[in-house]
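The values are calculated or read from the model by the stated rules, or taken from the named source; none is laboratory data. Keep in mind the model is a prediction, meaning the values are calculated, not measured. The area values use the complete protein model at the heavy-atom level, side chains included, leaving out ligands, DNA and RNA. Shrake-Rupley method; radii C 1.70, N 1.55, O 1.52, S 1.80 Å.
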Amino acid sequence: MSTPAAPPYPPAQPYVRPGGPPPYLGTDWEPKRTRSRRSLILCHIGMLIHFPVHVVMLLAVFALVLALSIVGEFVFAVLFFLEKPALKAADRALSHIPFRPTWWATWREVRHEGEPGFPQARVEEALNGRKPKTTDALLRAHLYRGIGPWAALEIATALGWQLDDKARARPRAELVLRRAPAPGSLTATGPAD
(Lines give C-alpha, C1' and ligand atoms only; values in the text may rest on other atoms or scores of the structure.)
Protein backbone atom coordinates (compact mmCIF):
# COMPACT_ATOMS: atom_id res chain seq x y z
CA MET A 1 0.00 0.00 0.00
CA SER A 2 1.48 3.36 -0.98
CA THR A 3 1.12 6.60 0.89
CA PRO A 4 -0.85 9.37 -0.73
CA ALA A 5 1.25 11.80 -2.72
CA ALA A 6 1.76 15.30 -1.44
CA PRO A 7 0.05 18.06 -3.38
CA PRO A 8 2.24 19.37 -6.20
CA TYR A 9 2.21 22.90 -4.79
CA PRO A 10 1.90 24.30 -1.26
CA PRO A 11 -1.55 25.44 -0.15
CA ALA A 12 -2.30 29.08 -0.90
CA GLN A 13 -1.36 31.57 1.77
CA PRO A 14 -4.02 34.06 2.85
CA TYR A 15 -3.69 37.59 1.54
CA VAL A 16 -1.92 39.93 3.93
CA ARG A 17 -1.82 43.64 3.30
CA PRO A 18 1.65 45.20 3.01
CA GLY A 19 3.00 46.32 6.35
CA GLY A 20 1.31 43.53 8.27
CA PRO A 21 2.82 40.38 9.73
CA PRO A 22 3.78 37.52 7.46
CA PRO A 23 0.96 35.13 6.49
CA TYR A 24 2.28 32.19 8.52
CA LEU A 25 2.76 33.15 12.12
CA GLY A 26 4.96 30.58 13.78
CA THR A 27 6.19 30.43 17.33
CA ASP A 28 8.38 33.47 16.72
CA TRP A 29 5.31 35.70 16.93
CA GLU A 30 4.08 34.29 20.25
CA PRO A 31 4.79 36.26 23.43
CA LYS A 32 7.73 35.31 25.60
CA ARG A 33 6.66 34.26 29.04
CA THR A 34 7.22 36.69 31.86
CA ARG A 35 10.04 35.84 34.20
CA SER A 36 9.54 35.09 37.87
CA ARG A 37 10.53 37.68 40.46
CA ARG A 38 13.44 35.53 41.61
CA SER A 39 14.86 35.08 38.12
CA LEU A 40 14.41 38.81 37.45
CA ILE A 41 16.48 39.67 40.52
CA LEU A 42 19.17 37.16 39.50
CA CYS A 43 19.20 38.57 35.95
CA HIS A 44 19.50 42.09 37.34
CA ILE A 45 22.46 41.14 39.52
CA GLY A 46 24.02 39.32 36.56
CA MET A 47 23.46 42.38 34.38
CA LEU A 48 25.26 44.60 36.90
CA ILE A 49 28.24 42.21 36.85
CA HIS A 50 28.17 41.64 33.08
CA PHE A 51 27.65 45.28 32.01
CA PRO A 52 31.32 46.41 32.28
CA VAL A 53 32.47 43.28 30.42
CA HIS A 54 29.85 43.91 27.74
CA VAL A 55 30.93 47.54 27.32
CA VAL A 56 34.59 46.48 26.94
CA MET A 57 33.53 43.87 24.38
CA LEU A 58 31.56 46.46 22.39
CA LEU A 59 34.52 48.86 22.48
CA ALA A 60 36.83 46.09 21.26
CA VAL A 61 34.44 45.29 18.40
CA PHE A 62 34.26 48.99 17.53
CA ALA A 63 38.08 49.25 17.49
CA LEU A 64 38.29 46.14 15.28
CA VAL A 65 35.71 47.52 12.84
CA LEU A 66 37.51 50.86 12.77
CA ALA A 67 40.88 49.20 12.07
CA LEU A 68 39.41 46.98 9.35
CA SER A 69 37.62 49.92 7.76
CA ILE A 70 40.85 51.92 7.55
CA VAL A 71 42.60 49.00 5.85
CA GLY A 72 39.51 48.32 3.75
CA GLU A 73 39.49 51.90 2.50
CA PHE A 74 42.81 51.27 0.73
CA VAL A 75 41.97 47.74 -0.41
CA PHE A 76 38.55 48.66 -1.80
CA ALA A 77 40.02 51.63 -3.69
CA VAL A 78 41.79 49.06 -5.89
CA LEU A 79 39.36 46.14 -5.62
CA PHE A 80 36.14 48.16 -5.67
CA PHE A 81 33.98 45.17 -6.68
CA LEU A 82 34.60 43.55 -3.26
CA GLU A 83 33.13 46.44 -1.28
CA LYS A 84 29.46 45.35 -1.28
CA PRO A 85 30.18 41.68 -0.42
CA ALA A 86 32.49 42.81 2.39
CA LEU A 87 29.83 45.13 3.80
CA LYS A 88 27.22 42.36 3.67
CA ALA A 89 29.59 39.95 5.43
CA ALA A 90 30.36 42.54 8.11
CA ASP A 91 26.66 43.24 8.57
CA ARG A 92 25.90 39.53 8.99
CA ALA A 93 28.78 39.10 11.46
CA LEU A 94 27.89 42.13 13.56
CA SER A 95 24.19 41.29 13.69
CA HIS A 96 25.01 38.39 16.04
CA ILE A 97 26.48 40.71 18.68
CA PRO A 98 23.58 42.10 20.72
CA PHE A 99 23.67 45.69 21.87
CA ARG A 100 21.52 44.66 24.83
CA PRO A 101 21.39 40.95 25.69
CA THR A 102 17.88 39.56 26.02
CA TRP A 103 18.47 38.09 29.46
CA TRP A 104 19.28 41.46 31.05
CA ALA A 105 16.73 42.86 33.49
CA THR A 106 16.76 46.55 34.38
CA TRP A 107 15.49 47.79 37.71
CA ARG A 108 12.32 49.01 35.98
CA GLU A 109 11.71 45.51 34.60
CA VAL A 110 12.32 43.97 38.03
CA ARG A 111 9.64 46.23 39.50
CA HIS A 112 7.02 46.08 36.74
CA GLU A 113 7.39 42.94 34.60
CA GLY A 114 4.23 40.90 34.79
CA GLU A 115 1.94 43.91 35.12
CA PRO A 116 -0.62 43.89 32.29
CA GLY A 117 -0.04 47.41 30.95
CA PHE A 118 3.74 47.57 31.34
CA PRO A 119 4.82 46.26 27.90
CA GLN A 120 2.10 48.24 26.13
CA ALA A 121 3.22 51.44 27.86
CA ARG A 122 6.85 50.77 26.89
CA VAL A 123 5.96 50.24 23.21
CA GLU A 124 3.78 53.37 23.16
CA GLU A 125 6.51 55.36 24.91
CA ALA A 126 9.13 54.21 22.40
CA LEU A 127 7.00 55.07 19.38
CA ASN A 128 5.43 58.28 20.68
CA GLY A 129 8.88 59.64 21.52
CA ARG A 130 9.82 59.72 17.82
CA LYS A 131 10.01 63.00 15.98
CA PRO A 132 7.27 63.48 13.37
CA LYS A 133 9.85 63.52 10.54
CA THR A 134 11.27 60.13 11.58
CA THR A 135 10.13 57.52 9.08
CA ASP A 136 11.48 54.31 10.64
CA ALA A 137 11.77 52.84 14.11
CA LEU A 138 13.27 49.77 15.72
CA LEU A 139 11.50 48.00 18.58
CA ARG A 140 13.79 45.66 20.47
CA ALA A 141 12.33 42.47 21.93
CA HIS A 142 12.81 43.51 25.56
CA LEU A 143 10.19 46.23 25.04
CA TYR A 144 7.40 43.81 24.17
CA ARG A 145 8.27 40.86 26.41
CA GLY A 146 5.03 39.54 27.86
CA ILE A 147 2.70 40.68 25.05
CA GLY A 148 4.66 39.42 22.06
CA PRO A 149 5.54 40.95 18.71
CA TRP A 150 2.03 40.49 17.30
CA ALA A 151 0.47 42.65 20.02
CA ALA A 152 3.34 45.16 19.72
CA LEU A 153 2.63 45.39 16.00
CA GLU A 154 -1.07 46.00 16.73
CA ILE A 155 -0.14 48.81 19.14
CA ALA A 156 2.22 50.27 16.55
CA THR A 157 -0.48 50.09 13.87
CA ALA A 158 -2.83 52.08 16.09
CA LEU A 159 -0.08 54.73 16.43
CA GLY A 160 0.48 54.98 12.67
CA TRP A 161 3.40 52.56 12.22
CA GLN A 162 3.60 49.38 10.16
CA LEU A 163 6.06 46.54 9.64
CA ASP A 164 8.78 47.49 7.17
CA ASP A 165 8.48 45.13 4.22
CA LYS A 166 12.07 45.80 3.08
CA ALA A 167 13.65 44.48 6.27
CA ARG A 168 13.73 40.80 7.19
CA ALA A 169 11.24 39.95 9.93
CA ARG A 170 12.98 38.86 13.15
CA PRO A 171 10.23 39.11 15.76
CA ARG A 172 12.23 37.26 18.45
CA ALA A 173 14.90 39.97 18.34
CA GLU A 174 13.31 43.13 16.97
CA LEU A 175 10.57 44.68 14.88
CA VAL A 176 11.62 47.08 12.13
CA LEU A 177 8.79 49.57 11.62
CA ARG A 178 8.11 52.45 9.26
CA ARG A 179 5.50 55.15 9.34
CA ALA A 180 2.33 54.22 7.53
CA PRO A 181 1.45 56.69 4.79
CA ALA A 182 -1.39 59.05 5.60
CA PRO A 183 -4.67 58.01 3.94
CA GLY A 184 -4.84 61.19 1.83
CA SER A 185 -1.21 61.04 0.67
CA LEU A 186 -1.69 58.12 -1.71
CA THR A 187 -3.28 58.45 -5.11
CA ALA A 188 -4.14 55.85 -7.71
CA THR A 189 -0.76 56.33 -9.41
CA GLY A 190 1.41 56.58 -6.28
CA PRO A 191 2.31 59.06 -3.55
CA ALA A 192 1.03 62.59 -4.02
CA ASP A 193 3.78 65.21 -4.30
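Shape descriptor for region 115-178: Rg over Rh equals 0.93 (Cα atoms; Rh from the Kirkwood inverse mean 1/r). The 1.4 Å probe gives accessible areas that order Phe51, Phe62, largest first, as Phe62, Phe51. In this structure Leu159 has an accessible area near 60 Å², from a 1.4 Å probe over the protein heavy atoms.
From the alpha carbon gyration tensor of region 60-190, can you work out the equivalent ellipsoid semi-axes (sqrt of 5 times each eigenvalue) and give them in Å, largest to smallest?
Semi-axes from the Cα gyration tensor: 33, 24, 12 Å.
Leaving out same-chain residues fewer than 8 places away, which lysines sit with a Cα under 23 Å from that of Lys88? Reachable lysines: Lys166. Remark: region 38-173 carries 67 Å² of accessible area per residue (probe radius 1.4 Å; ligands, DNA and RNA excluded). Shown for region 70-120: the carbon plus sulfur share of the solvent-accessible area, taken with all protein chains present and a 1.4 angstrom probe, equals 69%.
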